[in-house]
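A short worksheet on the structure shown next.
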Amino acid sequence: MNYLTKEKAQDINVIKEIISKAGCKGEVRAMVGGSKSFAFAVGDEVVRFPKAEIVWQTMQRENQILNEIWPLLDNKFKNKIHQISLVEGEYPFSVVKKFIGKICDNRDDDENAVKVQTLPKNKQENLAQTFAEFFAMMHQIDYTKLHLPPTNETIDNWDVTKQADFDYAKARLALKKVSSFDLDDFKCDNKNETLALCHNDLSGSNMLINPKKEDILVGIIDFANTVVQPKYLDFFPLYKINRNLAVEVIKRYNELVDDKIDVTQTDFAMLSYIAYNLAKSDNPPSYFIKLLKLFC
């Protein structure tokens, strides 16, 4: 089993030959890919070629998870979550039905992306409500009856306070140096540590939005990071879009469930994450300063 090089991925004839052997038909067009795969639109489907073995294993993990949870999804979300097919061969790849939508990872609005902040208020509210319903659905699934694949090193754990090298005093100082925030002000007395099945990566690049539709959220992708963990961490990736969205989703989620989440707990998780990474270097990556601005 081999994995595409950048050179082979740029040869559209090579791609056509590989996918035609698997029965995929339609016009082939290169898409904007991520760091883990090369993506192509093929008719009304998306084909992704992993760049390495660990990425292929991640695709296999996602496929297994989706097969497990698919029968348990509400019909509303079966329209927003597509099962994937895996094709093994000389060059393995995944196939999934294409969503017609844009990501919202804080890039300026263009043909591929839209900022949540630029959406009309009613569309933002619709989005928050749909997210709240999605999390409520996921968290009520009885994960003890599932056969979930094991975790691996590619899965993010957003609770940095559990890291062996997390130094609260050092992190607190690093945060205070660049902002008016003090971690002490965000310590939560009402922690919710309830375990639940969590998507764990619902950031802007894993949601697809169609601003022209009333039901604006058209797709939720990338279930490879799905794990059982304290359910409050499932809201963490929303902070990467902006805190206002995360807070609104939690508010609406709390109206749907009895086991509620305190926003202070998720605030503390995000600020600890930022502070932990700021404390690692005298010149931390600008990414973490950007996250801090999104928190404001």
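The values are calculated or read from the model by the stated rules, or taken from the named source; none is laboratory data. Here the structure is a predicted model, which means the values were calculated and not measured. Using ideal geometry, Cβ is built from the backbone for each residue, glycine included, and neighbour counts are taken over all protein chains shown.
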Checklist line | Leading residue by the ranking (nearest to THR266 (Cα to Cα)) among those in region 184-200 that are part of a loop (DSSP other than H, G, I, E, B) and modelled with pLDDT of 95 or more | finding: ASN192
Margin query: Which count do you get for residues in region 151-183 that are of a type outside the set (Ser, Thr, Tyr) and in a loop (DSSP other than H, G, I, E, B)?
Written below: 14
Next item on the list: Residue by residue through region 76-115, note down the ones that are of a type in the set (Asp, Glu) and modelled with pLDDT of 90 or more.
Entry: GLU88, GLU90
Check: When you look at ASP215, is it surrounded by fewer than 16 Cβ atoms within 10 Å (Cβ to Cβ), in the same structural domain as SER272 (by TED's automatic domain parsing) and at negative phi, yes or no?
Finding: yes
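Report yes if ALA275 is touching a Ser or Thr at 6+ places or on another chain (Cβ under 6 Å) and surrounded by 22 or more Cβ atoms within 10 Å (Cβ to Cβ), otherwise no.
Working: touching a Ser or Thr at 6+ places or on another chain (Cβ under 6 Å): no; surrounded by 22 or more Cβ atoms within 10 Å (Cβ to Cβ): yes.
Judged against the criteria, ALA275 is not a match.
Name the residues in region 141-150 that are part of a loop (DSSP other than H, G, I, E, B) and of a type in the set (Val, Ile, Thr), would you? Walk me through it before giving the result.
Within region 141-150, the first condition is being part of a loop (DSSP other than H, G, I, E, B), and the residues that meet it are 141-142, 146-150.
Selection gives ILE141 alone.
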Next item on the list: Please state which of the following conditions ARG252 fails to meet, knowing it meets all the rest: (1) surrounded by 20 or more Cβ atoms within 10 Å (Cβ to Cβ); (2) under 19 Å from LYS123 (Cβ atoms).
Entry: (1)
Notebook entry, point to check: Within region 101-112, can one find any residue that is in a strand (DSSP E or B), β-branched (Val, Ile, Thr), in contact (Cβ under 8 Å) with a residue 24 or more places away in the chain and closer than 27 Å to LEU256 by Cβ?
Noted result: yes
Checklist line | Residue within region 180-190 that is more than 21 Å from LEU278 (Cβ to Cβ) and without any contact (Cβ under 8 Å) to a residue 12 or more places away in the chain present | finding: yes
Next item on the list: Would you tally the residues in region 68-80 being touching a residue at least 40 places away in the same chain (Cβ under 8 Å) and either in a helix (DSSP H, G or I) or buried (at least 17 other Cβ atoms within 10 Å of the Cβ) (or both)?
Entry: 7
